[in-house]
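The structure appears right after this line, and notes come after that.
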Amino acid sequence: MTQEYILHPSHAPRELHIDYRKELNDQQYAAVTARGADGSLNSGPMLVIAGAGSGKTRTLTYRVAWLVEHGIEPSRILLLTFTNKAAKEMLRRVEGLLPMDISQIWGGTFHHIGNRILRRNAKLLGYGPDFTILDREDSASLLNDCIAEAKIDTKAERFPKGDVLAEIYSLAVNTERSVERVLAEQYDYFSHLAGPIKTLRDVYRERKLKANAMDYDDLLVNCLRLFQEEKEVGDRYREQFLYVLVDEYQDTNKIQADLIDAIAMLHRNLMVVGDDAQSIYSWRGANYRNILNFPERYPSATVHKIEVNYRSVPAILNLANDAIKANPNQFAKNLQAVRKGGAKPWLIPCADANQQSQFIAQRVLELRGEGVELNEIAVLYRAHFHAMELQMELTRRNIPYVITSGLRFFEQAHIKDTACFLKIALNPHDEMSFKRIAKLMTGVGAATADKLWVKIHPIISGLTGDLPTSHPSVPKKSAADWKQIAKLHNNLRDKSDGDKHADEMIEIVLENFYSGYLKVKYDNARVREEDINQLASFSLQFPTMEEFLSQLALLTNLEAEDATLISADEREFIRLSTVHQAKGQEWKAVFVIGLCDGMFPLGRTLDNMEGVEEERRLFYVAVTRAKDELYMTYPLYRQMGGDAGGFQRASRFVVELPKMHYQELSLRNNAAHW
């Protein structure tokens, strides 16, 4: 009988190639070289709270290098990150620090690691090792097929399309909530359809299994199932991963936290790194309580704080430290500046959004004259529509800019759709607007839209310009949509003949067709509807609907030309970005705009304490992006829609700040130039 002899790694330290004491500050060094209470490498669970600009990536990188230099086999290290780019960058840095091969380290996103484990073990769950991974478009397409298979009558009542269903199911998975709860809390306008939506999820699961396919979320769900249901597989990986390191732990959702616990439960050498003050993604399922409650889940955990900041001047950090103090649920920290000198941040009340835009544009040009490159300047805002006026002002002054948070405001699909309803009401010969609207209907593509135009154009350009609520050229599946659109068009035609302003016309578009369309089509319908409401407010600065539409078209064309120039010669440009998209970035000069209650924080977040706390964390993230200069602006008057606007008060986050942290700037127009 053959007996088994197990070889154990010696963990003998190799010759050290890195002077860790020289390369790291005291706080980083303590986290990187942490050992267990007995002096062994088995450090146990560790929570590293790494403040903004404190060298989080450096700490993780040197920890991995330290483990390898002290005899840990690379294959026994698991590094979990939120982007493959981050994992590759960290491992590239480790490789640059060490002379040995580290290619056996398991590094990547949760989904990347899940896929790697499933490829070897998927057969235990009924899948083949060659399973297909569905992207979001594939998932939406399959869900649309499931709707047809389930014979759900989408004509009788608006039913969410595949991509909206995919988002609902994804939120349910990643937060480990029921579909009913997700609907009630985030998609209440579909709550009455909870039954068929839940049933459809089962059909979707069966179709995926039959097709030997997993969607993005299944990579986590099924990987966790392996650890929970297949003891032999779970034990093998738990034994292998002697050290588990997790980046950006504050952004983990429930299922990711559970997966980490399942992997690390044997050796418990778990090091999680993050900053609770930068947890800003609850809307996509992240749970900041994962990091706050880590010491409760791991009572033996040691907590390291890294508070030395290498990014910002002291005055900016002083403001940031006090900005986050009002949050009761946090690990208290105090960022300390390495740099010296620097000016206090500026607070600039502005008459309205237009004056705010004029100030920013003028100051940007001044900064450029002072030697600050445009690429070192950013404008941050809470929501995309807050930068509408600024985009116009920058375009007028020929200041190049790019938007990190996606398409420029006026180029977004829902903005263009809304404008097309107004255009065709004003000009019945606008073929392109008619066809764009036609393609919003169920089952209508480019070919059908072309045919409809040929048949409908003579009617729409007739004496009354009215559309019939039914027509033989309209496909049966599109009849209900056509009826709504026809009634909407006729209503707009009646109004456009009078003195109705563009904002009222836009409101009619939303109420009579487009709001329902958004809810079925997009998972972020409320955000898009808010954009359109802001477009209505924006239109009030133009005396007529014709001028509003003309300026809209001119601005969009100028933006398109400008974007082409930027990509062609890569010239300098300032960055416009939501705060969410700016996380992890830094600039010499940062403008944080729209700092009034209702804008930042957003009004819809103010009905619960957790919402306010996350908004305050967003403000903290915003101000800590600035290295040298920080400008905080807000409009004293804001156009709210309808005939009247509203006077604003400064954001509660500004009001909370001790006045010693900033200097106030009063704007005055130069009458000679107005």
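Can you tell me how many residues within segment 299-332 are of a type outside the set (A, V, I, L, M) and out of contact with any strand residue (DSSP E or B) (no Cβ under 6 Å at 6 or more places or on another chain)? Outline the logic, then answer.
Of the residues in segment 299-332, the ones of a type outside the set (A, V, I, L, M) are 299-300, 302, 304-305, 307, 309-312, 314, 318, 321-322, 325, 327-331.
Those left that are additionally out of contact with any strand residue (DSSP E or B) (no Cβ under 6 Å at 6 or more places or on another chain): 299-300, 310, 318, 321-322, 325, 327-330.
Here the count works out to 11.
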Report summary line: With the first residue restricted to segment 525-541 and required to be within 12 Å of LEU510 (Cα to Cα), and the second required to be surrounded by 19 or more Cβ atoms within 10 Å (Cβ to Cβ) and basic (Lys, Arg), Cβ contacts under 6 Å at 6 or more apart or on different chains are ALA525/LYS519
Report summary line: By residue number, the members of segment 618-639 that are of a type in the set (Lys, Arg), open to solvent by less than 10 Å² (accessible area, probe 1.4 Å) and either farther than 16 Å from ILE324 by Cα or assigned to a strand (DSSP E or B) (or both) are none
**Report entry** Subset of segment 195-205 that is open to solvent by less than 20 Å² (accessible area, probe 1.4 Å) and among the hydrophobic types (A, V, I, L, M, F, W, C) - its residue that is farthest from VAL520 (Cα to Cα)
**Finding:** LEU200
Report task. Please state which one of ALA413, ALA387, ALA383, ALA378 is of a type in the set (Gly, Ala, Ser) and farther than 20 Å from GLU586 by Cα. Result -> ALA413
Query raised in the report: If we keep just the residues of segment 293-302 that are within 29 Å of the chain's Cα centre (by Cα) and closer than 15 Å to VAL273 by Cα, which is surrounded by the most Cβ atoms within 10 Å (Cβ to Cβ)?
Result: PHE294
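Condition check ((1) more than 28 Å from ASN287 (Cβ to Cβ); (2) within 24 Å of the chain's Cα centre (by Cα)) across all residues:
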position	(1), (2)
ASP138	no, yes
CYS146	yes, no
GLU149	yes, no
ALA166	no, yes
THR175	no, yes
LEU183	no, yes
SER191	no, no
Query raised in the report: Given the residues VAL379, VAL402, which is the only one that is surrounded by fewer than 22 Cβ atoms within 10 Å (Cβ to Cβ) and touching a strand residue (DSSP E or B) at 6+ places or on another chain (Cβ under 8 Å)?
Result: VAL402
Query raised in the report: For segment 447-468, does any single residue satisfy the condition of being under 33 Å from the mean Cα position of the chain (by Cα) and modelled with pLDDT under 90?
Result: no
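Based on what the data block shows, is TYR237 closer than 30 Å to ILE168 by Cα and either buried (at least 24 other Cβ atoms within 10 Å of the Cβ) or over 29 Å from the mean Cα position of the chain (by Cα) (or both)?
Values: closer than 30 Å to ILE168 by Cα: no; either buried (at least 24 other Cβ atoms within 10 Å of the Cβ) or over 29 Å from the mean Cα position of the chain (by Cα) (or both): yes.
So TYR237 does not fit the description; no.
If a residue counts only when it is open to solvent by less than 40 Å² (accessible area, probe 1.4 Å) and either closer than 29 Å to ILE316 by Cα or touching a helix residue (DSSP H, G or I) at 6+ places or on another chain (Cβ under 9 Å) (or both), which helices (runs of 4 or more DSSP H) contained entirely in segment 7-111 have at least 2 such residues? Before the answer, list the steps.
Numbers: elements: 20-23, 26-32, 56-69, 84-97.
The qualifying helices (runs of 4 or more DSSP H) are 26-32, 56-69, 84-97.
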**Report entry** Failed condition for GLU389, given (1) outside any strand (DSSP E or B); (2) over 23 Å from GLN648 (Cα atoms)
**Finding:** (2)
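Inside segment 270-289, can you point out the residues that are of a type in the set (S, T, N, Q), open to solvent by 10 Å² or more (accessible area, probe 1.4 Å) and under 21 Å from THR57 (Cβ atoms)?
If we filter segment 270-289 for residues that are of a type in the set (S, T, N, Q), which is where we start, we get 278-279, 282, 287.
Still in the list and also open to solvent by 10 Å² or more (accessible area, probe 1.4 Å): 278, 282, 287.
The one that is of a type in the set (S, T, N, Q), open to solvent by 10 Å² or more (accessible area, probe 1.4 Å) and under 21 Å from THR57 (Cβ atoms): GLN278.
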Requested in this report: For GLU137, work out the one condition from (1) in a loop (DSSP other than H, G, I, E, B); (2) within 18 Å of LEU518 (Cα to Cα); (3) open to solvent by 70 Å² or more (accessible area, probe 1.4 Å); (4) not aliphatic (A, V, I, L, M) it doesn't fulfil.
Outcome: (1)
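Just need a number here: residues in segment 150-167 that are of a type in the set (A, V, I, L, M), touching a residue at least 40 places away in the same chain (Cβ under 8 Å) and surrounded by fewer than 21 Cβ atoms within 10 Å (Cβ to Cβ). Break it down into steps so the answer makes sense when it comes.
Initially, segment 150-167 is screened for residues of a type in the set (A, V, I, L, M), giving 150, 152, 156, 164-166.
From what's left, touching a residue at least 40 places away in the same chain (Cβ under 8 Å): 150, 152, 164, 166.
Cutting the leftovers down to surrounded by fewer than 21 Cβ atoms within 10 Å (Cβ to Cβ) gives us 150, 152.
Summing the residues that are of a type in the set (A, V, I, L, M), touching a residue at least 40 places away in the same chain (Cβ under 8 Å) and surrounded by fewer than 21 Cβ atoms within 10 Å (Cβ to Cβ) in segment 150-167 gives 2.
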Query raised in the report: Hey, does segment 360-367 have a residue that's β-branched (Val, Ile, Thr), buried (at least 23 other Cβ atoms within 10 Å of the Cβ) and within 30 Å of ARG526 (Cα to Cα)?
Result: yes
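Does segment 206-224 hold any residues that are part of a helix (DSSP H, G or I) and surrounded by fewer than 15 Cβ atoms within 10 Å (Cβ to Cβ), and which are they?
Correct list: GLU206, LYS210.
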Requested in this report: Determine whether VAL273 is within 23 Å of VAL623 (Cα to Cα) and either without any contact (Cβ under 8 Å) to a residue 12 or more places away in the chain or of a type outside the set (S, T, N, Q) (or both).
Outcome: yes
Query - Residue within segment 420-428 that is of a type outside the set (A, V, I, L, M), exposed (fewer than 15 other Cβ atoms within 10 Å of the Cβ) and under 29 Å from the mean Cα position of the chain (by Cα) present - result: no
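The values are calculated or read from the model by the stated rules, or taken from the named source; none is laboratory data. The shown structure was predicted, so the numbers you read here are calculated from the model rather than taken from an experiment. Please note: Cβ atoms are built from the backbone with ideal geometry, for glycine as well, and neighbour counts cover all protein chains shown. Remember, those area values only see protein heavy atoms, side chains included, never the ligands or the DNA or RNA. Shrake-Rupley method; radii C 1.70, N 1.55, O 1.52, S 1.80 Å.
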